[in-house]
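One structure below.
The values are calculated or read from the model by the stated rules, or taken from the named source; none is laboratory data. What you see is a predicted model; the values in this text were computed from it and never measured. So basically every Cβ, Gly included, is an ideal-geometry build from the backbone, and we count neighbours across all protein chains shown. Please note that ligands, DNA and RNA were not included when accessible areas were found on the heavy atoms of the full protein model with its side chains. Shrake-Rupley method; radii C 1.70, N 1.55, O 1.52, S 1.80 Å.
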Amino acid sequence: MYSLELRDVVKRYSSGGEPVVALDHVDFAVSPGEFVAVVGPSGSGKSTLLNVLGLLDDPTDGQRLLNGTDVTNLSVAERTTARKESIGFVFQDFHLLPTLSAVENVALPTAFDPGDARDRAASLLDRFGLGDRLDHGPSELSGGQKQRVAIARSLINDPAVLLADEPTGNLDTETGSAILAEFERVKSEGVAVVAVTHDPLVEEYADRVVELTDGVVVGGVPAEADADVGGPGDDGVDDARRIRRSTASGDR
Amino acid sequence: MSDAGRSPRGADRSGWVRGWRPAVSMAARNLRRNRTRTVLAVLGVCIGVLAVAALGIFGNVLALGADDAIGDIGTQVVVSPNADAGVQSLSEADVTAIRRAVDDPSVGDPAVVPLYSDNAVVAGQSAQTFATVYGVSEPGLAFEAAEGELPERHRQGAIVGAGVAEELAVEPGDTVEIAGSQVRVVAVLAESQTFSPVAPDDAVFLPESAFAADGYAQALVVSESGATAQAAADAIREDVNAREERVDLFELAAVVDEINGFFDLLSTFLLGLGGISLVVAGVSILNVMLMSTVERRQEIGVMRAVGVTRRDVLRVLLAEAGLIGAAGAAAGTLLTVVLVAGLVASTPAVDASLVLDPTNGYYLLLALAFGVGVGIVSGAYPAWKAANERPVEALRS
């Protein structure tokens, strides 16, 4: 089973006069523990693809599955919950809240939930080598450190998928490599990673490169063999995650 | 999970409270980010609250002061014989009829004090004056002593009105000469707050036995309040004047009602003036919150993207507006207290007891509540707008 899958997805915008087709019958899938890079020229629909994958935007047509569950048409509240529990986001501009410390930024997705996620956030930061920066504000961190905080934030809820939008776009090559090495660690824990990028460096680290041109995808679905590699073991991880999710979905 | 055992309702309520704590904490930090803007918005609310509280208290003090000054006007009914109908004086039977008419809990059981009346020259050691001399047996029911004590039954001596006492420079223990006979002064009355045909300030009260008249000149009906005085007057009109118009009634309760009505109107008008400035403060909060949510559009988009619910975003923004309102309201209330205290301290003409009247506290509370309310109401629209923006739109910039 794929972590995240799009089946024959179409996304049309009706901006002004004629509708623009941003995604044209796209089939896309990513397995647990797989790192997929999506490349393509500007305006090819990369951001739209990421928004649709990340449940920030709904497809006009087609089907979307998260851990095998159809999530094509969810209400706003259901989408928010699904994002919080199953999807992590990493942005080019890091997008940390300037008023929160590093550890608070990491815990932001769970800030309004019962229980204190601070310890978990701190141990995540520790894992990314920021154990001594817990109470620093974003303005006191370097670009690479900020992106590590952002990755830690995306992992606070044990997501199935990590979606990254130009994760190395604002970093120098050396820092970019370090961040990509972090992605490798994340994927080795069974998280599917999808990165939209212009950066050839990202392609080097990716297990699979998907090309997107004018809304048409080439190589969106892994070959059979690839899908089997991540098979039974990762499914076990997924099951555990699903159980945790069903117990955690409380009041909202 | 620890929530499992709780009733869904209880869990929901605790969740509701729990969600506000991080919201308020985040809101406070957001407000600290742009201090100048926050302080200006707080100042706006502060001035609005100050206006409402100060003008409210001002109106209330005016009303209380007027109430104090016109005092018992409305609580006395003066019953006189109706000369037009040939009645020259009130007989014992008339007084009994009056007593019977008002002997009813619904009119407050007022005291009925019949008075004999005459005029005489009253002389002290060094001066003399022309005064009304009343004969009364139970002066304590209608009057209050400033010096000496009013006897329960007036059997001997003279009770002197405040004005006469001052003019003749007498006090209890002195002797005055009334119509040629020496009488000891047993008490001096407190200055009258009452405006009525019976002017006790310029009168001297003797025991009934000093009069040889065969009827009372007047009867005072002393009620607790204006409303009961009016009821008493109505009861007397109905009962005593049932067959024949034997008595005339003099009462000012209706006038007092009108005066009170005027002061109510004045208070409302002043509160309205204050309210306008509070509305202006509300608009400034609206402006601040709109600006701030536009500036933080991306941040709010990120919060929504990483899974913070619309409700929680709404909470953070409402908490910001509420904090501005609460801070402004608290400052405005404090400032009002200081201002009013300063005014009382520097203006001897203002009676401190009027300002310290507990009803003024209501105006403070009212202004405080309005300040917080204005904050939340003005913050509602920007908060709702920001919380409902699609994260895709907010993140795109």
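Annotations for the structure displayed:
- Percent accessible area from carbon and sulfur atoms, the protein assembly as shown, protein chains only, probe 1.4 Å: 54
- With the convex hull drawn around the C-alpha atoms of the protein assembly as shown, the volume per residue stands at 241 Å³.
- Tilt relative to chain B, helix B:8-33 - C-alpha long axis, 0 to 90 degrees, to 10: 80
- 5 angstrom amide H check on B:Ala146, placed H, neighbours 5+ away: B:Val188, B:Leu189, B:Ala190
- Counting only residues at least eight positions apart within a chain, or on another chain, the lysines with an alpha carbon under 17 Å from that of A:Lys46 are A:Lys11.
- Qualifying lysines (Cα of each under 23 Å from Cα of A:Lys146; at least 8 residues distant if same chain): A:Lys84, A:Lys187
- Relative to the longest principal axis of the Cα atoms of chain B, the long axis of helix B:253-295 lies at roughly 10 degrees.
- For B:Ala120, net neighbour charge (Lys/Arg +1, Asp/Glu -1) across residues whose Cβ lies under 15 Å away: -4
- Dividing the Cα radius of gyration of the range B:62-161 by 2.2 N^0.38 Å, with N the residue count, gives 1.32.
- For chain A, average projected area of the Cα convex hull in nm²: 13.5
- When DSSP beta bridges are restricted to pairs lying wholly in chain A, around 50% turn out antiparallel.
- With respect to chain B, whose longest principal axis is taken over its alpha-carbon atoms, helix B:35-70 is tilted by about 10°.
- Computed with a 1.4 angstrom probe on protein heavy atoms, the A-B interface buries about 2600 square angstrom of accessible area in total.
- Selected from B:Gly59, B:Gly48, B:Gly373 as most flexible by GNM, with chain B as the system and alpha-carbon contacts under 10 Å: B:Gly373
- Using the Cα coordinates of the range A:1-117, the gyration tensor eigenvalues translate into equivalent-ellipsoid semi-axes of 27, 18, 15 Å, sorted from longest to shortest.
- Expressed to the nearest 5 percent, the antiparallel share of DSSP beta bridges inside the protein assembly as shown is 65 percent.
- For the range A:19-55 and the range B:157-187, distance of Cα centres in Å: 108
- Accessible area per residue, Å², chain A with all protein chains present, probe 1.4 Å: 40
- By the combined test of axial Cα extent (at least 27 Å) and Kyte-Doolittle hydropathy (mean at least 1.0), none of the DSSP H helices of chain A qualifies.
- Its Cα gyration tensor gives chain B an equivalent ellipsoid; the semi-axes, largest first and in whole Å, are 69, 24, 17.
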